[in-house]
Amino acid sequence: DDDVEEEEEEEVPQQVSDLANAQSPSHMRGIRACKRCGLLKTIDQFIKDGCENCPFLEMIDNTEKASSCTTAFFEGQVAVMDPRESWAARWLRVDGFLPGVYAISVVGQWDRDTEDDLEGRGLRWRCRPPT
């Protein structure tokens, strides 16, 4: 007689898996927003890990690219735990992105080459030119 119950390996729901990959700013000083998605992190985090929503911006280990693809000019912050279920994520149009802390509005401009690349990929971005 086998009294030992076999443990079934429980599959982790995708939402929980996504949450495990979420990154929030490591500290409040020097926070920047990704110009495309509005994800907030420090410049060091963007250089170390890039933007998880926008890997094609190639910010990892590239200080110049991380600086040009992010901006310090943003307003407000929203922590989004489950983008697919959050009304705030839908309102900010980040419901297709990973969990994280997002800017409510982002001000900045792309350099011409990056803007052309994004347009060529059919991608939209959240930053607006300064008024």
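All of the numbers you see were taken from the coordinates with simple rules; none came from a lab. All figures in this text were calculated on a predicted structure; none of them were measured in a lab. Backbone-built Cβ (ideal geometry, glycine too); neighbour counts: all protein chains shown.
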#### Entry: Computed label-point distance, nm, for sites residue 121 and residue 84 using a 7 Å Cα→Cβ extension
2.2 nm
#### Entry: Relative packing of peptides 95-107, 119-131, 50-62, 32-44 - highest average C-beta neighbours within 10 Å first
32-44, 95-107, 50-62, 119-131
### Query
What length, rounded to one decimal in nm, is gained on full extension from residue 44 through to residue 62, with 0.36 nm per residue of separation minus their alpha-carbon distance?
5.4 nm
#### Entry: Built amide H within the under 5 Å cut-off of residue 80, gap 5+
100, 101, 102
### Summary
For segment 38-131, percent of DSSP beta bridges that are antiparallel (nearest 5) comes out at 80 percent
